[in-house]
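Novice: My questions will all concern the structure given below.
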Amino acid sequence: MDLSPDLANRVALVTGGSRGIGRAIALALAQAGAAVAVNYRTEEAAAQSVVDAIGAAGGRAIAVGADVSRGDEVARLAATAVAQLGPIDVLVNNAGIALMRGLEDLTEADFDHTLAVNLKSAFLCTQAVLPHMRAQGWGRIVNVSSGAARGSGIVGVHYNASKAGMEGLTRGYAARLAREGVTVNAVAPTLIDTDMISARTEDSAARIPMRRLGTPEECAQATLMVIGNAYMTGQTVQVNGGMHFI
């Protein structure tokens, strides 16, 4: 039994796919056979490098710029992906921001912006792809959450709220779509070796039982695992090196 998903003839959309975890997920999806729409907001060159890497390996991919916290831009993103690659079968809601704020300097604007990018975007993108998934009786949605959804985290309470909301969104959609062949799961990385914590690598690693940071590729591996499992839905998979068990 082949445990890796066969995504040949499938189309995937990865939001925030230009770097870090999103980049690793986009590359892994392409390796599994999917054509991939790599979304970015400002990092066009980085997104194009992901597309080039997929193309060099014999896959199909496009880069599409869009602010996924805005409904009009999500509609344009989805329409562009469908026009160039085909209807979207796999959605990975990875786009997010992590504004480091303490209780004293967190503003209303910071809170609203974080929830719009981290949580509202997942709702907008999911709503955009659901009609096709439901019509064909097959779809896979993966939301990239964080250990901060259930723990204190290091970013701030606004980030905690956005990621906890994402996991609630995951369970809500999963319960309503289970009979339609569409699964919805979350992957929750903690302390992954990306730009967000690059300046605190040694201090961060000392807090992890495995004594190292996770890699974007390990997050991508967990993402492919939930995509490949047709009986798994509404779950959050922790990728945290043993920091906590929930």
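The values are calculated or read from the model by the stated rules, or taken from the named source; none is laboratory data. Model, not experiment: these values are computed from the prediction. Virtual Cβ from ideal backbone geometry, glycine too; neighbours counted across all protein chains shown.
Novice: State the number of residues belonging to the stretch 49-98 that are touching a Leu at 6+ places or on another chain (Cβ under 8 Å), part of a helix (DSSP H, G or I) and surrounded by fewer than 20 Cβ atoms within 10 Å (Cβ to Cβ).
Specialist: Total satisfying the criteria: 2.
Novice: Okay, next question. Of all residues in the stretch 31-48, which are hydrophobic (A, V, I, L, M, F, W, C) and more than 25 Å from Pro5 (Cβ to Cβ)? First the steps, then the outcome.
Specialist: Taking the stretch 31-48 first, the residues hydrophobic (A, V, I, L, M, F, W, C) are 32, 34-38, 45-47.
Answer for the stretch 31-48, where residues must be hydrophobic (A, V, I, L, M, F, W, C) and more than 25 Å from Pro5 (Cβ to Cβ): Ala45, Ala46.
Novice: Okay, moving on. When the stretch 151-183 is examined, which residues are found to be under 18 Å from the mean Cα position of the chain (by Cα), in contact (Cβ under 8 Å) with a residue 24 or more places away in the chain and under 22 Å from Trp138 (Cα atoms)?
Specialist: Met166, Glu167, Leu169, Thr170, Arg171, Tyr173, Ala174, Val182, Thr183
Novice: Turning to a different aspect of this structure: Can you tell me which of Thr15, Thr42 is of a type in the set (Ser, Thr, Tyr) and surrounded by fewer than 24 Cβ atoms within 10 Å (Cβ to Cβ)? I'd like the intermediate steps shown before the answer.
Specialist: Working: Thr15 fails: surrounded by fewer than 24 Cβ atoms within 10 Å (Cβ to Cβ).
Among Thr15, Thr42, only Thr42 is of a type in the set (Ser, Thr, Tyr) and surrounded by fewer than 24 Cβ atoms within 10 Å (Cβ to Cβ).
Novice: I would also like to ask the following. Given (1) crowded, with 20+ Cβ neighbours inside 10 Å; (2) over 18 Å from the mean Cα position of the chain (by Cα); (3) closer than 26 Å to Ala188 by Cβ, where does Gly102 come up short, assuming only one miss?
Specialist: Going through (1) crowded, with 20+ Cβ neighbours inside 10 Å; (2) over 18 Å from the mean Cα position of the chain (by Cα); (3) closer than 26 Å to Ala188 by Cβ one by one, Gly102 breaks only (1).
Novice: Of the conditions (1) touching a helix residue (DSSP H, G or I) at 6+ places or on another chain (Cβ under 7 Å); (2) at pLDDT below 95; (3) in a loop (DSSP other than H, G, I, E, B), Leu106 satisfies every one except a single condition; which number is it?
Specialist: Tallying (1) touching a helix residue (DSSP H, G or I) at 6+ places or on another chain (Cβ under 7 Å); (2) at pLDDT below 95; (3) in a loop (DSSP other than H, G, I, E, B), Leu106 fails exactly one: (2).
Novice: Does the stretch 29-48 hold any residues that are in contact (Cβ under 8 Å) with a residue 12 or more places away in the chain and in a helix (DSSP H, G or I), and which are they?
Specialist: Correct list: Leu29, Ala30, Gln31, Glu44, Ala46, Ala47, Gln48.
Novice: For the stretch 212-246, name all the residues that are assigned to a loop (DSSP other than H, G, I, E, B) and modelled with pLDDT under 95.
Specialist: So the first thing to find is which residues in the stretch 212-246 are assigned to a loop (DSSP other than H, G, I, E, B), and the list is 212-213, 215, 229-235, 240-246.
Within the stretch 212-246, Arg212, Leu213, Thr215, Asn240, Gly241, Gly242, Met243, His244, Phe245, Ile246 meet the criteria.
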